[in-house]
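**Q** Next up is a structure, given as structure tokens.
Values in this text are rule-based calculations from the coordinates and carry no lab data. None of these values were measured; they are calculated from a predicted model. Every residue, glycine as well, gets a Cβ built from its backbone with ideal geometry; the counts of neighbours run over all protein chains shown.
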Amino acid sequence: MTAGTLLSQARGEGLALAAAGSWTAEHARTLEPLINAVTRRKRPVRFVAIDLARIERLDTYGAWLFERALRTWNSQGCETRIVGLAANYRGLFDKVRASTQEMTPQPRRPNSIIATLESVGRTMTAVAADITLLVQMTGALIVAFSRVLVRPHTFRFKSMVNHLERVAWNAVPIILLMTLLIGAILAQQGIFHFRRFGADIYVIDMVGVLVLREIGVVLVCIMVAGRSGSAYTAELGSMKMREEIDALRTMGFDPVEVLVLPRIVALIIAVPILTFLGSMSALYGGGLVSWFYGGIDPTVFISRLHDAVSVQSFEVGMIKAPFMAIIIGLVACVEGLQVQGSAESLGTKTTDSVVKSIFLVIVIDGFFAVFFATLGI
Amino acid sequence: MASGRAEPVIKVRDLVVDFLSHRVLNGVSLDLLRGEILGFVGASGAGKSTLARTIIGLLPKRAGTIEVLGVNLDKADYKLKRAVDRRWGVLFQQGALFSSLTVGKNIEFPIREYLRLSNRLTTEMAIAKLEMVGLSPDVYRDYPSELSGGMIKRVALARALALDPEILFLDEPTSGLDPISAGDFDQLILTLQETLGISVFMVTHDLDSLHRVCDRIAVLGEGKILEIGTMDKMLASQHPWLQAYFHGERAHADWHVTVKG
């Protein structure tokens, strides 16, 4: 179909336009300049007549372009007339003519300095709100937990076991692999640098203490936050979006008791187990590299490890695990329950959940380090 | 309203669709004529939405041919298919608005993708479409999550109409609306169809809306078209399911007298 054309003819103070062809959406790109050209003429006009008799096809795009031109001329106090509009397009034209295009003006934007200050202020209140929510969730969790303690049969045991399978059992292979590699890399780097002053045997001390006290638990928690925390947020978020959580509430159930508690209990059980497995795997990786790369015999490695690490450094690492689990679970559930209606908000909250829980895991690890240093452990 | 020349815009022949191991459609043949509103009824799970989704190309078919606007979609290349895509609009049951875009951007999305107009004209057309479906231009800046169910349907209709399509698929357009809004929506579809000359394929359960809006009604059951024709024909049909459907408790007695004409 041929694109529309517009012939214009000036007659004194009047303007006669004749449109032909198809004035439809697919040609709108070329039709708009035609309309712009005639409405932006320098010479003022008093009368405009548009002849639409030779138009083959018209849709809302074409009709709107004519209507726009008519409005421009009318606003300049010019008389306008449309002739030859086919009867079947009259309804279409009326529909387009009914469009007011009037929007309530948006409130004016404040200048950039004020906008920056405003955004800083909003961020600060958001941080405060986040902390409040976290504290509220902790409170709700304690209430739910004590209620379950009084009436143990109300605890969602099946749900907890289901989550346990997902966050603990299914996570074992990837956790073992990652920690094995990290242990191996630690040992390799240690041997490479310690060898220069003949201290390669101390690599075992370094790997042992580092893995058992710090790396094991922190690494596992970062992986759990990325793997299970994000899943919790996404699950609760989509349940929130589909009003499932509201449905629970109306049936008289506490979402914290039904959804949050089993998930967090599952994490509290899972993270220490994963930390233990991860630490062992890292030590194994360190041992392998010491053997093949550093030439340290496994028997030497084991006896040296025995001297270097105490049960206490193992305990220091393990005691942190359940606290980290609580933090990851709390952040994940708080973020999940904050999801709004849009898909974008689900994505933002999931990202927030992972970022915040990893941040808090490291902060808490720092607190523990200070705490143990003060105790002299 | 069905125009004199009965030129079909959609031609479905012997369509067979399987869903997992279950045969949903077993030899459906159907024409949608230019400028008509075809209502589509059938029991829940009879495959109404499946047929609509198969025609649009969202579901694969086992056998049969589908011709849309004279183009056989199986044999068409990518470019031709895309050209057909922009000549139909689809209104999904839940609206299916993009939740991360504002209402305005939702409507502008197909316009920007296909037509590449100036920003001014794009915005003007989006607002015009909003007003056409009976919404205030102020809705332009809202997000879908801020709208009510009826408004979401209207915005979704505005988006379906964005490119001035020739065919409009409506999947249960009035479900979830109160009777007044549903009546308004019916009226809206009717005026739009009259002014824009669109052919409408409407899946619905709403007897009132079938009665008010549709030129012809097709009944789907047992994987086939049981009956197709005007409301009179439906009311006169002896098929037990049609009897139950059109003469059941929810049918209005006055239909037997006044039938749309």
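**Q** Write down the radius of gyration of the range A:199-339 and its Dmax, each obtained from C-alpha positions, in Å.
**A** Expressed in Å, the Cα Rg and Dmax of the range A:199-339 come to 20.1, 67.
**Q** Enumerate the residues in the range A:154-176 having an amide nitrogen under 18 Å from the point lying 7 Å beyond the Cα of A:Y284 toward its Cβ.
**A** A:168-176
**Q** Taking loop as defined by DSSP and a crowding limit of 12 other beta carbons within 10 Å, which GluC sites (Glu not before Pro) in the range A:78-144 fit?
**A** Details: sites: A:E79, A:E102, A:E118; in loops: A:E102.
For GluC sites (Glu not before Pro) across the range A:78-144 that sit outside H, G, I, E and B with at most 12 neighbouring Cβ atoms in 10 Å, the list reads A:E102.
**Q** So what is the relative contact order of chain B, in percent, for Cα pairs below 8 Å that sit 6 or more residues apart?
**A** Working: 458 pairs, mean separation 63.9, N = 261.
Answer for chain B is 24 percent.
**Q** To continue, here is another question. Each residue of the range A:352-367 in turn: what ³J(HN,Hα) in whole Hz from Karplus with 6.51, -1.76, 1.60 and θ = phi - 60°, glycine and Pro shown as x?
**A** Each residue of the range A:352-367 in turn: 3, 4, 5, 4, 5, 6, 5, 4, 5, 4, 6, 4, 5, 4, x, 4 Hz.
**Q** Rounded to the nearest 5, what % of the DSSP beta bridges within the range A:13-70 are antiparallel ones?
**A** On the way: 0 of 9 bridges.
Among the beta bridges of the range A:13-70, antiparallel pairing accounts for roughly 0 percent.
**Q** Shifting gears a bit: Per q in 0.15, 0.17, 0.18, 0.21 1/Å, what log10 I(q)/I(0) does a Debye calculation on the alpha-carbon atoms of the range B:67-212 return?
**A** The calculated log intensity ratios at q = 0.15, 0.17, 0.18, 0.21 Å⁻¹ are -0.76, -0.96, -1.07, -1.36.
**Q** To continue, here is another question. Where a Cα-Cα gap under 12 Å defines reach, which aspartates and glutamates qualify for A:K240, not counting those fewer than 8 residues away within the same chain?
**A** A:E335
**Q** Still on this structure, I have one more. Can you pull the mean other chain C-beta count within 10 Å for peptide B:111-118? Before the final figure, lay out each step's value.
**A** On the way: counts 3, 0, 0, 2, 6, 2, 6, 5.
If you average over the peptide's residues, the count of other-chain Cβ atoms is 3.
**Q** Dividing the Cα convex hull volume of the range B:38-130 by residue count, how many Å³ per residue is that?
**A** Details: hull volume 13.9 nm³, N = 93.
Here the figure is 149 Å³ per residue.
**Q** A further question on this structure: Only four residue types carry charge here, +1 at the Cβ of Lys and Arg and -1 at the Cβ of Asp and Glu. Report the dipole size of the protein assembly as shown about the Cα centre in Debye, rounded to the nearest 20.
**A** Details: 65 positive and 61 negative charges, 303 e Å.
So the magnitude is around 1460 debye.
**Q** Now a separate question. Calculate the length of the line joining the C-alpha centroid of the range A:1-67 to that of the range A:119-196, in whole Å.
**A** 66 Å
**Q** Just want to confirm a number: the relative contact order over the range B:101-216, from Cα pairs under 8 angstrom separated by 6+ residues, in percent.
**A** Numbers: 128 pairs, mean separation 29.0, N = 116.
Once divided by the residue count of the range B:101-216, the mean separation gives 25 percent.
**Q** Just to be sure I understand the model, the point goes 7 Å from the Cα along the line to the Cβ. What's the resulting B:E146 to A:A369 distance in nm?
**A** 4.6 nm
**Q** Among B:V219, B:S199, B:Q243, flag the residue with its Cα farthest along the positive direction of the charge dipole of the range B:109-261, charges on Cβ as +1 for Lys/Arg and -1 for Asp/Glu.
**A** Of the listed residues, the answer is B:S199.
**Q** Would you please name the trypsin sites (Lys or Arg not before Pro) within the range B:74-163 that are DSSP coil residues with at most 15 other C-beta atoms within 10 Å of their C-beta?
**A** Details: sites: B:K75, B:K79, B:K81, B:R82, B:R86, B:R87, B:K105, B:R112, B:R116, B:R120, B:K129, B:R141, B:K153, B:R154, B:R159; in loops: B:K75, B:R86, B:R87, B:R116.
Answer in residue order: B:K75, B:R116.
**Q** Of the trypsin sites (Lys or Arg not before Pro) in the range A:193-250, which ones lie in a loop per DSSP and count no more than 14 other C-beta atoms within 10 Å?
**A** Details: sites: A:R195, A:R196, A:R213, A:R227, A:K240, A:R242, A:R249; in loops: A:R242.
Filter output for the range A:193-250: A:R242.
**Q** May I pose another question? Over 19 Å between Cα atoms: which of A:K158/A:K349; B:K48/B:K79; B:K75/B:K224; B:K11/B:K48; A:K158/A:K320 fall into that group? Don't skip to the end; give the middle numbers.
**A** Numbers: A:K158/A:K349 27 Å; B:K48/B:K79 28 Å; B:K75/B:K224 25 Å; B:K11/B:K48 16 Å; A:K158/A:K320 27 Å.
Those over the limit are A:K158/A:K349; B:K48/B:K79; B:K75/B:K224; A:K158/A:K320.
**Q** Just for the Cα atoms in the range A:1-80, what are the lengths along the principal axes, largest first, rounded to whole Å?
**A** Dimensions of the range A:1-80 along the principal axes of its Cα atoms: 34, 20, 17 Å.
**Q** Let me have the relative contact order for the range B:1-95, percent, based on Cα pairs under 8 Å that are six or more residues apart. Could you put the intermediate results ahead of the total?
**A** Details: 123 pairs, mean separation 28.4, N = 95.
It rounds to 30 percent for the range B:1-95.
**Q** So how far, in whole Å, is the C-alpha centre of the range B:159-231 from the one of the range A:304-377?
**A** Each part's Cα centre sits 56 Å from the other's.
**Q** More than 30 angstrom separation, counting every C-alpha pair in the range A:7-166; what % is that? Please report the intermediate quantities before stating the final value.
**A** On the way: 6798 of 12720 pairs.
Across the range A:7-166, Cα pairs with separations above 30 Å total 53 percent.
**Q** Restricting the count to DSSP beta bridges whose residues both fall in the protein assembly as shown, what percent are antiparallel, rounded to a multiple of 5?
**A** Details: 28 of 61 bridges.
If I count the DSSP bridges inside the protein assembly as shown, around 45 percent turn out antiparallel.
**Q** Here is a further query. Can you list the lysines whose alpha carbon sits under 21 Å from that of B:K105, skipping same-chain ones fewer than 8 residues off?
**A** Output for B:K105: B:K129, B:K153.
**Q** Return the tail of the calculated pair distribution for the range A:326-371, meaning the percent of Cα-Cα pairs more than 15 Å apart. Spell out each step's value before the answer.
**A** Values: 477 of 1035 pairs.
Result for the distance tail: 46 percent.
**Q** What number in nm² do you get for the protein assembly as shown if you take the convex hull of its Cα atoms and divide its surface by four? Mind showing how you got there, number by number?
**A** Details: hull surface 172.0 nm².
Approximately 43.0 nm², given one-decimal rounding.
**Q** Could you give log10 I(q)/I(0) at q = 0.08, 0.10, 0.16 Å⁻¹ for chain B, computed by the Debye formula over C-alpha point scatterers of equal weight, without solvent?
**A** The calculated log intensity ratios at q = 0.08, 0.10, 0.16 Å⁻¹ are -0.32, -0.50, -1.27.
**Q** Is the C-alpha gyration tensor of the range A:139-253 telling us rounded, prolate or oblate? Criteria: a/c under 1.5 is rounded; beyond that, a/b larger than b/c is prolate, otherwise oblate.
**A** Details: a/c = 3.81, a/b = 2.75, b/c = 1.39.
Prolate is the answer for the range A:139-253, as a/c is 1.5 or above and a/b outweighs b/c.
**Q** Among A:I215, A:I319, what is the fewest-to-most ranking by other Cβ atoms within 10 Å? Provide the component values of the computation, followed by the final result.
**A** Details: A:I215 20, A:I319 13.
So the ranking, lowest neighbour count to highest, is A:I319, A:I215.
**Q** Tell me, A:T275, B:T191, A:T350 in order of fewest to most beta-carbon neighbours within 10 Å?
**A** Fewest to most other Cβ atoms nearby, the residues stand as B:T191, A:T350, A:T275.
**Q** A further question follows. Please arrange B:F201, A:F314 by how many other C-beta atoms lie within 10 Å of their C-beta, fewest to most. Could the numbers behind the result be given before it?
**A** Working: B:F201 25, A:F314 17.
Ranking B:F201, A:F314 by Cβ neighbours within 10 Å, fewest first, gives A:F314, B:F201.
**Q** Using helices alone, what [θ] at 222 nm do you get for the protein assembly as shown, with -39,500 (n - 2.57) per DSSP H run of 4 or more residues, divided over all residues and rounded to the nearest 500? Could you put the intermediate results ahead of the total?
**A** Working: 23 runs with 340 residues, N = 638.
It lands at -17500 deg cm²/dmol.
**Q** If you take all C-alpha pairs in the range B:144-243, what percent of them are over 20 Å apart? Before the final figure, lay out each step's value.
**A** Numbers: 2110 of 4950 pairs.
So the pairs more than 20 Å apart make up 43 percent of the total in the range B:144-243.
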